[in-house]
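A.B. asks: Please read through the structure below; I'll follow up with questions.
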Amino acid sequence: MRINGRVVEASAAETAADLAARSAEAREGVAEGDWRLWRLVPERIEFWQGSTDRRHQRVIREL
């Protein structure tokens, strides 16, 4: 699978919620202001399945 698109920073509220949802061990030593959540906004997705006879299957979805 190959995904192409833009990477954007999530909102402060989404970032805080993501950090809060993690275990205490994962949050240990991480200040809320130091945590960032990023999202991939897909523009093109390619599914690829190889075959030994080289008749590969490829499905491309443009969004």
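A.B. asks: Can you spot a residue in the range 17-36 that is closer than 26 Å to Met1 by Cα and touching a strand residue (DSSP E or B) at 6+ places or on another chain (Cβ under 8 Å)?
C.D. replies: Yes; the residues of the range 17-36 include at least one that is closer than 26 Å to Met1 by Cα and touching a strand residue (DSSP E or B) at 6+ places or on another chain (Cβ under 8 Å).
A.B. asks: Return the total of residues in the range 9-26 being surrounded by fewer than 10 Cβ atoms within 10 Å (Cβ to Cβ) and among the hydrophobic types (A, V, I, L, M, F, W, C).
C.D. replies: Residues meeting the conditions: 3.
A.B. asks: Now, a different point. Of all residues in the range 2-15, which are hydrophobic (A, V, I, L, M, F, W, C) and either part of a loop (DSSP other than H, G, I, E, B) or over 28 Å from Leu63 (Cβ atoms) (or both)?
C.D. replies: Matches in the range 2-15: Ala10 only.
A.B. asks: On to the next question. So which residues in the range 16-51 are of a type in the set (S, T, N, Q) and either in contact with a helix residue (DSSP H, G or I) (Cβ under 9 Å, 6 or more places away or on another chain) or closer than 20 Å to Leu63 by Cα (or both)?
C.D. replies: Once the filter is applied, which keeps residues that are of a type in the set (S, T, N, Q) and either in contact with a helix residue (DSSP H, G or I) (Cβ under 9 Å, 6 or more places away or on another chain) or closer than 20 Å to Leu63 by Cα (or both), the range 16-51 yields nothing.
A.B. asks: Identify, by number, the condition in (1) modelled with pLDDT of 95 or more; (2) in a loop (DSSP other than H, G, I, E, B) that Ser51 doesn't meet.
C.D. replies: The number of the failed condition is (1).
A.B. asks: Separate question: Looking at the range 33-63 only, could you name the residues that are β-branched (Val, Ile, Thr) and without any contact (Cβ under 8 Å) to a residue 40 or more places away in the chain?
C.D. replies: Within the range 33-63, Val41, Thr52, Val59, Ile60 meet the criteria.
A.B. asks: For the range 27-43: of the residues being charged (D, E, K, R) and assigned to a helix (DSSP H, G or I), which is surrounded by the fewest Cβ atoms within 10 Å (Cβ to Cβ)?
C.D. replies: Asp34
The values are calculated or read from the model by the stated rules, or taken from the named source; none is laboratory data. Remember, predicted model here, so these are calculated numbers, not experimental data. With ideal geometry, Cβ positions are generated from the backbone for all residues, glycine too; neighbour counts draw on all protein chains shown.
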